[in-house]
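The structure appears right after this line, and notes come after that.
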Amino acid sequence: MGQKKSYALDIMFLPENFKHKKNEHMIIVKLMGGLGNQMFQYAAARRLAFANCAVLKVDLSWFKESAGVATPRHYELHALAIEENFATPEEVNRLVSGAANPVRRIAGRLISSLSRKAYIRESHFHFTPSLLILSGDVYLEGYWQSEKYFDDVTDIIRREFTVKNAPDEWNRRIGEAVSETDSVSLHMRRGDYVASKVASDYHGVCSLDYYHAAISKITGQLRTPHFFIFSDDPAWAKENLQVDHPATFVDHNDPDHGFEDLRLMSLCKHHIIANSSFSWWGAWLGSDPHKIVIAPKRWFNDERIDISDLLPDSWLRM
């Protein structure tokens with residue numbers, strides 16, 4: 001999922017210095033991290049905007065601010081059929097300015113019922129129900145990694161998280177093979193989880209023992225499984241992963257076309273995911289009514305982080 005801070009929800013209502021006309025409220029969400037993270041952030045904001053009949057805009061400033069980080073990221077939602085509106089620096093400043101000023105913060109709370117303007121910063125990993133009842137103008141900063149933030153608008157999220165353009169010939173052929181078999185997506189996340197000490201210490205990687213146990217579990221329930229294996233380190237995966245069943249290593253999409261891997265994952269009937277928001281979405285978007293999803297019960301090295309709201313109840317934890 002990429003490195004992230006351990007936030008707790010921090011709601012700061014700010015004095016209003018401009019007037020809205022009715023139904024012209026705005027939800028702005030700060031996008032951060034890779035594609036999977038961006039999808040979580042957009043989904044939470046999309047639900048809030050829908051519930052309030054508000055305009056949704058995305059703030060891309062993080063991608064410039066984080067240009068020197070160990071794992072460079074860029075905006076990736078453009079490939080999906082989302083409501084794509086970009087917040088201007090002036091709009092962001094209008095909702096964020098004064099958030100760090102404790103005097104304005106206290107004063108803002110006193111008149112919050114009139115101002116209807118809030119800056120929301122996530123302060124813990126697990127679900128925060130109060131996010132669902134916000135109204136007025138809202139700026140969201142956080143990761144919001146739980147389907148509970150959008151599970152009452154899943155039809156909208158599924159529709160908007162489809163890839164806009166048709167696949168190229170190679171991806172079309174893989175997609176046909178996925179559809180014609182008892183397909184199982186298997187995702188091995190390595191990349192910065194291995195190369196970066198900070199990311200490695202925070203996240204860790206799923207062990208080969210986890211994958212072999214998950215393969216054994218899922219093959220005990222399927223008669224003719226065919227594994228489609230996705231990884232940001234396909235050479236390592238081919239060399240180290242033992243699969244005694246038909247397997248296809250999907251390694252032809254470059255990092256700028258991660259959405260193609262996501263589409264192929266979502267077409268699979270069953271899923272073995274990594275501790276990664278990317279494969280979380282690949283599994284969640286899968287539409288097979290009988291899908292089996294196996295996920296690691298340990299998502300971070302720090303076991304104090306509460307991940308109880310991260311995985312849907314129907315998913316198996318191993």
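Mind sorting Trp280, Trp62 by how few other Cβ atoms lie within 10 Å of their own Cβ, fewest first?
Trp62, Trp280
For a test of the definition: using alpha carbon positions, the gyration tensor, and the 1.5 limit on a/c, classify the range 214-318 as rounded, prolate or oblate.
Verdict is rounded for the range 214-318.
Ranked by Cβ crowding within 10 angstrom, fewest neighbours first, how are Met188, Met318 ordered?
Listing Met188, Met318 from fewest to most nearby Cβ atoms yields Met318, Met188.
Mind sorting Phe278, Phe230 by how few other Cβ atoms lie within 10 Å of their own Cβ, fewest first?
Phe278, Phe230
Based on the Cα gyration tensor of the range 203-243, what are the three equivalent ellipsoid semi-axes, each the root of five times an eigenvalue, rounded to whole Å and given largest first?
So the equivalent ellipsoid measures 20, 13, 8 Å along its semi-axes.
Values in this text are rule-based calculations from the coordinates and carry no lab data. Please read all numbers here as calculations on a predicted model, not as lab measurements. Note that each Cβ is placed from the backbone with ideal geometry, even for glycine, and that neighbours are counted across all protein chains shown.
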